[in-house]
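Take a look at the structure set out below.
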Amino acid sequence: MALTCTFNRWGTLLAVGCNDGRIVIWDFLTRGIAKIISAHIHPVCSLCWSRDGHKLVSASTDNIVSQWDVLSGDCDQRFRFPSPILKVQYHPRDQNRVLVCPMKSAPVMLTLSDSKHVVLPVDDDSDLNVVASFDRRGEYIYTGNAKGKILVLKTDTQDLVASFRVTTGTSNTTAIKSIEFARKGSCFLINTADRIIRVYDGREILTCGRDGEPEPMQKLQDLVNRTPWKKCCFSGDGEYIVAGSARQHALYIWEKSIGNLVKILHGTRGELLLDVAVRNPPAPPQPLGIPVAIPDSLTKGFFLFCFVCVFWFGFVSARRQWHPVRPIIASISSGVVSIWAQNQVENWSAFAPDFKELDENVEYEERESEFDIEDEDKSEPEQTGADAAEDEEVDVTSVDPIAAFCSRCQALELINTDPETP
């Protein structure tokens, strides 16, 4: 059964972590399984691709973090932690560094080349329910704890450069569940326990400095059902935000600039969402969709592909992810990966203006000389007037003298200006 998934940088491969410890890599070009890695004994709980797509780091509930060579499937390095791992993430620009968020422990930054690690500073040593994430370029690390405190640390030195507290309307704090950054721009979102998704501008956070009071750009929530969010992420261009419900297999999509809810995508009733992954956006969706179940004897679960007229995004339920390039969302629910994509309608008349679409097949009667290169039976019509003049050869090299500008002697000389004349 699938538990977590993530797209590579280009969206050509989708890595899926299963409850039996295997990592299944799905190829979007061939629409088939490209690789199966027997990575762990216990369930895989987090995955992350390196920037070049050649490496994959995974974490499982057996407290082990491993780096894998995607092509060969070999394990390059393995690290054991004292507690289960919540999240692993490669540095966006340096795949030699990995950010690890253990449960009940402070975040750790691993250096793979020398197997060294650095424990990141936290706001309160007694509160170890800390989540962390690199920013878009990896210059800073953002951490958040159960008391709503956000710390911004310089990646190289781990120095504190900015901090603020996420508060509710009554000035009470709320726990930070996750921090996600957009692939483009400086925006990031914070998913909190008060069921509100807050969107901030990273540049404003750095300007406010320590103990600042920045205002979120947007506050996104389900005011009717008060839905808690399992996972949130941005679209590939950063203009949309998708969030998966923790109560059911439902995906909510907002437009970041104005904060309006654009679409709600409903999966199978009664299922719970585990993860969401997004690929990238094209245009708002109209759910259509024919689910196609593809059983796979190589995995305990199966991939359910629902090609739906949706957005320019790609994401995954239960765990969800937005496709970085194409309008695809991947979601995981009940061990099944659902792919949501825009319904493509081919407009053949754009390629051939005379092309006509038929509601049903009709029998076509071919004319005798329709596909002949030359029509042997066609008679050549006599050319007259302008048509005949078009076939005459035109002399474009000779220059005729203009009699009005020539004297009698010049006129006689010009008679012999033809280069062919001896």
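The values are calculated or read from the model by the stated rules, or taken from the named source; none is laboratory data. For clarity, every value in this text was computed on a predicted model and none was experimentally measured. Glycine also receives a Cβ, built like all others from the backbone with ideal geometry; neighbour counts cover every protein chain displayed. The area values use the complete protein model at the heavy-atom level, side chains included, leaving out ligands, DNA and RNA. Shrake-Rupley method; radii C 1.70, N 1.55, O 1.52, S 1.80 Å.
Brief remarks follow.
- Residue check for E204: open to solvent by 30 Å² or more (accessible area, probe 1.4 Å), in contact (Cβ under 8 Å) with a residue 24 or more places away in the chain, of a type in the set (D, E, K, R) and in the same structural domain as L160 (by the TED database): no
- From the options R226, R198, residue that is open to solvent by less than 10 Å² (accessible area, probe 1.4 Å) and among the basic types (K, R): R198
- R279 being buried (at least 24 other Cβ atoms within 10 Å of the Cβ), modelled with pLDDT under 90 and not acidic (D, E): yes
- Scanning the range 332-371 for residues that are among the small types (G, A, S) and either modelled with pLDDT of 80 or more or at positive phi (or both) yields S333, S334, G335, S338, A341.
- Residues in the range 229-248 that are out of contact with any Cys (no Cβ under 9 Å at 6 or more places or on another chain) and open to solvent by 10 Å² or more (accessible area, probe 1.4 Å): 9 in all.
- First in the range 97-111 and open to solvent by less than 30 Å² (accessible area, probe 1.4 Å), second anywhere and among the polar types (S, T, N, Q) and outside any strand (DSSP E or B), Cβ under 6 Å, 6 or more apart: P102/S83
- Residues satisfying the stated conditions in the range 123-135, i.e. touching a residue at least 12 places away in the same chain (Cβ under 8 Å) and either among the polar types (S, T, N, Q) or buried (at least 19 other Cβ atoms within 10 Å of the Cβ) (or both): N129, V130, V131, A132, S133, F134, D135
- Wholly within the range 225-270, strands (runs of 3 or more DSSP E) carrying at least 3 residues that are of a type outside the set (A, V, I, L, M, F, W, C): 240-245
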